[in-house]
Structure formats: C-alpha cells, structure tokens
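Below you'll find the structure, written out as structure tokens, and then a few comments.
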Amino acid sequence: MRVLDFHTHPWRPADLAAATRAFIEDISPAVREHGERLSDPVYAAELLRAEGIERAVVLPEHCPATSGVVRTEAVLAHCAAAPDVLLPFASVDPVSDPDPPALLRDYIAAGARGLKLYPSYQFFYPNEPRVYPLYEACAEAGLPVLLHIGSSVIPGTRLKYCDPIHLDDVAVDFPTLPIVMAHGGRGYWHAECAFLAHHHANVWIDVAGLVPEQLPRLFPPFEPVAEKMLFGSDWPAMPRGPGANAETIAGLGLPAATLAGLLHDNAAAILDATARAGGAEIATSAGNASGPPELPRTTDR
Ligand SMILES: [Zn+2]
C-alpha cells in the first residue's frame, strides 16, 4: 500500500501562536512522545516512513493574524534535509505580505512544490482579484494550490472566508490549476465540496483533519467522491498516526484503484506534474470527464 500524505506540518512551536501550540500539544501523541526531536527533519522523515508514508507535503503557515508565522523559508530548509520524503509548499499572506506574487515566485524558484492558502486565518475570499496573481504563478509552474476549507479551532479564524462557492470562480478561470480543498469543508460544507470536486476536473478534496471512519457518512455516495480525494493527515496535529488513518481508509471497502488513487496516486499525479509542462494533463486525465455513475449528472447548462 503506497501512501503519500498531502497535508503535514513541521513542528516549530516557537513560530506558532500560543493557542495553536497549546492545541497541538494537547491533541498530538507524536509531540508528547518525541518533543523537540520532531523539529529535526531527518527524525521527522524517519517517523513518517515508519508510519508507511512514502512522501509528505510539508506546509508552512504565514498567518500573523491568527495561528502563527511558520515561514516558507523555514520549511524549504526543513525539507532540504530529507528531500526524498519531504515536499515543501509555500505560504504567503495575501493581506499582509507587501508583494505576495513576487514572494511566491521566489519560493517557487527556491523549490516550493505548491501553495497553501488559509482564507479563514488570513481573511480573504479565494476569488478576490488580489489573489489571482498567485493562482497565475502556480498555473504557470504547474503547481497545485491547497486551501484550508472548513472549520478550525484556532481562535480568531473566520469561517465565512471558507465558503467553497468562491472556488467555483477559481476553477473556471484556471482550468489547468489543481485546486485542493483541505478538510473537505469540515463541519459545514461537505456536500458543497463533494459537488465541486465532481463538477470540476481540477478540484480535489484532501481528507486531513477528518475522522476517517466517518468519511462515507460525510460524503455520500462515498465511492465517486473518493475518486476525487487525496490522503492528508495534518500530522503531527492529530490524535493518531497517519499510518493508522491510512489503514482505516483502506478498510472502508473502496475498489482497489479508487483506494490507490486516494492514498497515493492522485496526489502523486498532481505533484509530479511539476516536471511536465504545466498541470493541464491532470485536469484532463485524472478528472471525472466521464462522470461517476453513482452521482446524478447535471443536465442544466
Ligand atoms: Zn493543516
């Protein structure tokens, strides 16, 4: 069973807001067991490999208004110490960074493999014009954008910015850009995220921060929605290990090809498209152009 974790974080407690740090220390057995050794990228990569994770996306979070300031520079350096396992993403703040597109282009040149945006932590709507240059930079480089879409326990976050309908504009205007909705609309918008992932070939759901046993109940009918899902864990901010979550998903009764796509192949196709010319291949080959039979096809235009 091959597993690619599309959603992990580095453990950098000094860069986190106090409430974020306290939440993770409370929820995470990995932080309690391994402490500051988790901040060592080689050690963290070995732990992930021991969990059965082949490769893991590592997410910075530049969210000075809420959760913390884990900068992309730190994550690029972290991942460079274990490049076979750890894949760095970039984080820019569309609200407070002076020139977010220029900063993102620098990060891409330095090796970032995608962009993480936090609408409810950074306070912007994903379809605002000021965010479009960031999508342009990712689309040009063939890189995905991952957005936090759903509830959060971090104080001060504002859920309204996560309404998935704003991603419809982005999916239409950037048809080759892989758009991944982290947490699949947690708490409020599961059906909306499932619809968008079905409706747009370039829109995906990452299951980080969701209880894996509950996925079939949260996303009915599960099988066609699972075809547009990527495995993510939010490690180390999780009550179990990523390996246990992957095992649970493996036991949900999905067809073998759908399961392999969810746990590894969908994410690998999106990430490894970087080496090809842009992301267009993903939008057409891994999407749902023929439509999953279990979901009613929309007939309105
Ligand atoms: Zn996360």
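The values are calculated or read from the model by the stated rules, or taken from the named source; none is laboratory data. Note that the structure is a prediction, hence the values are computed from the model and not measured. Glycine gets a Cβ as well: all are built from the backbone with ideal geometry, and neighbour counts include every protein chain shown.
The residues listed here are Arg21, Arg32, Arg37; of these, the one that is buried (at least 16 other Cβ atoms within 10 Å of the Cβ), part of a helix (DSSP H, G or I) and not aliphatic (A, V, I, L, M) is Arg21. When you look at Asp5, is it more than 18 Å from Val69 (Cα to Cα) and either within 19 Å of the chain's Cα centre (by Cα) or in a loop (DSSP other than H, G, I, E, B) (or both), yes or no? In short, yes. Based on this model, can you work out whether Ser67 counts as free of Cβ contacts under 8 Å to residues at least 40 places away in the same chain, of a type in the set (Ser, Thr, Tyr), within 16 Å of the ligand (Cβ to nearest atom) and crowded, with 24+ Cβ neighbours inside 10 Å? Criteria not met by Ser67. Based on this model, can you work out whether Gly232 counts as within 16 Å of the chain's Cα centre (by Cα), within 14 Å of the ligand (Cβ to nearest atom) and surrounded by fewer than 23 Cβ atoms within 10 Å (Cβ to Cβ)? When the stated conditions are applied, Gly232 does not pass them.
For beta carbons closer than 9 Å, sequence separation of 6+ or different chains, a first residue in segment 222-235 that is more than 23 Å from Leu86 (Cα to Cα) and a second that is within 13 Å of the ligand (Cβ to nearest atom) and assigned to a strand (DSSP E or B), the qualifying pairs are Val225/Gly184. From Pro242, Pro216, Pro220, which residue is modelled with pLDDT of 95 or more and under 21 Å from Val57 (Cα atoms)? One residue alone meets the criteria, Pro242. Close contacts from segment 178-206, counting a first residue that is more than 17 Å from Gly261 (Cβ to Cβ) and a second that is within 16 Å of the ligand (Cβ to nearest atom) and of a type in the set (Ser, Thr, Tyr), with Cβ to Cβ under 8 Å and a gap of 6+ residues or different chains, come to His183/Ser151; Arg186/Ser151; Gly187/Ser151; Tyr188/Ser151. When the test is whether a residue is more than 16 Å from the ligand (Cβ to nearest atom), modelled with pLDDT of 95 or more, among the aliphatic types (A, V, I, L, M) and surrounded by 18 or more Cβ atoms within 10 Å (Cβ to Cβ), Ala283 does not pass it.
Of the residues examined, Gly243 is not one that is away from the ligand (no atom under 16 Å from the Cβ) and on the phi > 0 side of the Ramachandran plot. A Cβ distance below 6 Å, combined with a sequence gap of six or more or placement on separate chains, defines the contacts here; from segment 137-150, residues that are closer than 8 Å to Leu115 by Cα reach residues that are of a type in the set (Val, Ile, Thr) and within 16 Å of the ligand (Cβ to nearest atom) in the pairs Cys138/Val145; Pro144/Val180; Leu146/Val180. As a summary of the residue check, Leu47 satisfies the conditions (1) away from the ligand (no atom under 16 Å from the Cβ); (2) not in a helix (DSSP H, G or I) except for the one numbered (2). Return yes when Val31 is in contact with a strand residue (DSSP E or B) (Cβ under 7 Å, 6 or more places away or on another chain), in contact (Cβ under 8 Å) with a residue 60 or more places away in the chain and within 15 Å of the ligand (Cβ to nearest atom) and no when it is not. The answer is no for Val31. When restricted to residues that are within 16 Å of the ligand (Cβ to nearest atom) and not in a loop (DSSP other than H, G, I, E, B), segment 210-228 contains 1.
The residues of segment 207-221 that are out of contact with any helix residue (DSSP H, G or I) (no Cβ under 7 Å at 6 or more places or on another chain) and either hydrophobic (A, V, I, L, M, F, W, C) or free of Cβ contacts under 8 Å to residues at least 12 places away in the same chain (or both), listed by number, are Ala208, Val211, Gln214, Arg217, Pro220.
Among the residues of segment 171-209, those identified as within 15 Å of the ligand (Cβ to nearest atom) and surrounded by 24 or more Cβ atoms within 10 Å (Cβ to Cβ) are Val180, Met181, Ala182, His183, Gly184, Gly185, Ile205, Asp206, Val207, Ala208.
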